[in-house]
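Contents: one structure, followed by commentary.
Values in this text are rule-based calculations from the coordinates and carry no lab data. What you are looking at is a predicted structure, and each value in this text was computed from that prediction instead of being measured. Quick reminder, even Gly has a Cβ in these numbers, built from the backbone with ideal geometry, and neighbours come from all protein chains shown.
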Amino acid sequence: MKTFGVVIFPGSNCDLDALYSVEKVILQKAVPLWHKCEDLPPLDWIIIPGGFSYGDYLRPGAIASRSPIMKSIKAFADRGGIVIGICNGFQILVETNMLPGVLLRNESTRFISKWITLKVENARTPFTKLFKKEQIINLPIAHKDGNYFVSYETLKALQAKKQIVFSYTDNPNGSIWNIAGLTNEQGNVLGMMPHPERAIDAQLGSDDGTTIFRSILKYVKEHK
Amino acid sequence: MKIIINVDPKENILDPQGKAVSHALVDAPVETENEAMMIATEMCEKLLYNPLIEKYSIVVEL
């Protein structure tokens, strides 16, 4: 049995879905982690879930990125720990500089909540090893600030190092190069705007999210 | 010509964004303009602006 931490900030709202995905779908232990927690319990993997931490004030993820738990999460990632930031979690990871770039307001300036299709650009990451390269998958998005932006030089580096993991087949928000999800250079930190924790049952639309969680579980089991 | 208009909440009116942001900053006493400038710069660099997409300027009022 592996142990997964789910971080909760004031304003997180996908934390229960993430806890449910770990406990009921991939049948592992899930531990909620309050944002003031500085000493993390032993964990195999950390999820930073979606929501509107601190009301998205200043910039989405900006205030959460300065909270006590993020120092510990950064140290966890620096030791090679697996971290996945979903939606607001992705915004927090870029504000913490654990991932490059920034998430701007959607090009339409509107909140978008719908199912979209993604292409798996890199199937050799801890998060995607159970997919095939260029596989098309279905996940929902629900965000107003998902328009990924990064400098041209950094984009070239992301492409060269195969850090872009998911791309939109039909770009909903204006993201540069259709980027929907990417990893850090080491490959152990993933940020993505679509919600895998909302795609865990084929009868409710798709279970492609489960494959992401199962991939991480497989990776964690193989590397302990 | 450029005019600058400041619209602020009245005293005692709840300002959720201001409250959330000030909570993430440190309240430090300062005595000189230089000190104020240094602290304001640090606040900008550490939290208030994102260098990828924003720039900032600081005005110290005595």
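Can you tell me the length gained on complete extension of the stretch A:LYS24 to A:ILE136, counting 0.36 nm per residue apart and subtracting the Cα distance? The partial results should precede the final answer.
Numbers: separation 112, 0.36 × 112 = 40.32 nm, distance 2.53 nm.
Roughly 37.8 nm would be gained on extension.
How big is the antiparallel share of DSSP beta bridges in the protein assembly as shown, given as a percent to the nearest 5? Walk me through the intermediate numbers first.
On the way: 22 of 39 bridges.
Bridges in the protein assembly as shown that DSSP calls antiparallel: roughly 55 percent.
State, as an integer percentage, the relative contact order of chain A based on alpha-carbon contacts under 8 Å between residues 6 or more apart. Could the numbers behind the result be given before it?
Details: 503 pairs, mean separation 43.4, N = 224.
Rounded, it is 19 percent for chain A.
Quick one: 3J(HN,Hα) in Hz for segment B:31-40, Karplus 6.51/-1.76/1.60 with θ = phi - 60°, rounded, Gly and Pro as x.
10, 10, 4, 4, 4, 4, 5, 5, 5, 5
Can you give the Kirkwood hydrodynamic radius of chain A from its Cα pairs, in Å with one decimal? Walk me through the intermediate numbers first.
Numbers: mean 1/r = 0.0590 Å⁻¹.
17.0 Å is the Kirkwood radius here.
Considering all alpha-carbon pairs of segment A:1-112, what whole percent are spaced by more than 19 angstrom?
On the way: 2559 of 6216 pairs.
Cα-Cα pairs in segment A:1-112 separated by more than 19 Å: 41 percent.
Taking neighbour Cβ counts within 10 Å as the exposure measure, how do A:ILE136, A:ILE176 sort from fewest upward? Before the final figure, lay out each step's value.
Values: A:ILE136 12, A:ILE176 17.
The order, fewest Cβ neighbours first, is A:ILE136, A:ILE176.
Expected output is a single nm value to one decimal: the length gained when fully extending between A:LYS156 and A:THR3, i.e. 0.36 nm times separation in residues minus the C-alpha distance. What is it? Numbers along the way, then the final one.
Numbers: separation 153, 0.36 × 153 = 55.08 nm, distance 3.57 nm.
Residue separation times 0.36 nm, minus the Cα-Cα distance, leaves 51.5 nm.
Obtain the nm distance between the two label points defined at A:ASP170 and A:GLN203 by a simple spin-label model: each point lies 7 Å from its Cα along the Cα-to-C-beta direction.
Once both label points are built, they end up 2.8 nm from each other.
Just to be sure I understand the model, the point goes 7 Å from the Cα along the line to the Cβ. What's the resulting B:GLU35 to A:ASN13 distance in nm?
The two pseudo-label positions are separated by 4.3 nm.
Taking N as the number of residues in segment B:6-62, what value does Rg over Cα atoms divided by 2.2 N^0.38 Å take?
Numbers: Rg = 12.9 Å, N = 57, 2.2 N^0.38 = 10.2 Å.
Cα Rg divided by the expected 2.2 N^0.38 Å: 1.26.
Any idea what the relative contact order of segment A:99-168 is, in percent, if you count C-alpha pairs under 8 Å spaced at least 6 apart? Before the final figure, lay out each step's value.
Details: 108 pairs, mean separation 31.7, N = 70.
Value for segment A:99-168: 45 percent.
Counting other beta carbons within 10 Å of each residue's own, what order do A:ARG214, A:ARG110, A:ARG198 fall into, fewest first?
Working: A:ARG214 15, A:ARG110 10, A:ARG198 23.
The most exposed by this proxy come first: A:ARG110, A:ARG214, A:ARG198.
Evaluate the distance, in nm, between pseudo-label points positioned 7 Å from the Cα of B:LEU25 and of A:GLU107 along their respective Cα→Cβ axes.
For B:LEU25 paired with A:GLU107, the spin-label model returns 3.5 nm.
Principal axis extents for segment A:130-216, Cα atoms only, whole Å, descending order, please.
42, 27, 20
Relative to the Cα centre, what is the charge dipole magnitude of chain B, using +1 at the beta carbon of each Lys and Arg, -1 at the beta carbon of each Asp and Glu, and rounding to the nearest 20 debye? Intermediate values should be presented prior to the final figure.
Values: 5 positive and 11 negative charges, 70 e Å.
It comes to approximately 340 debye.
Using a Förster distance of 30 angstrom, determine the FRET efficiency expected from the C-beta separation of B:ASN6 and B:LYS46, and round it to 0.05. Provide the component values of the computation, followed by the final result.
Details: r = 24 Å, r/R0 = 0.80.
Efficiency, from the Cβ-Cβ distance: 0.80.
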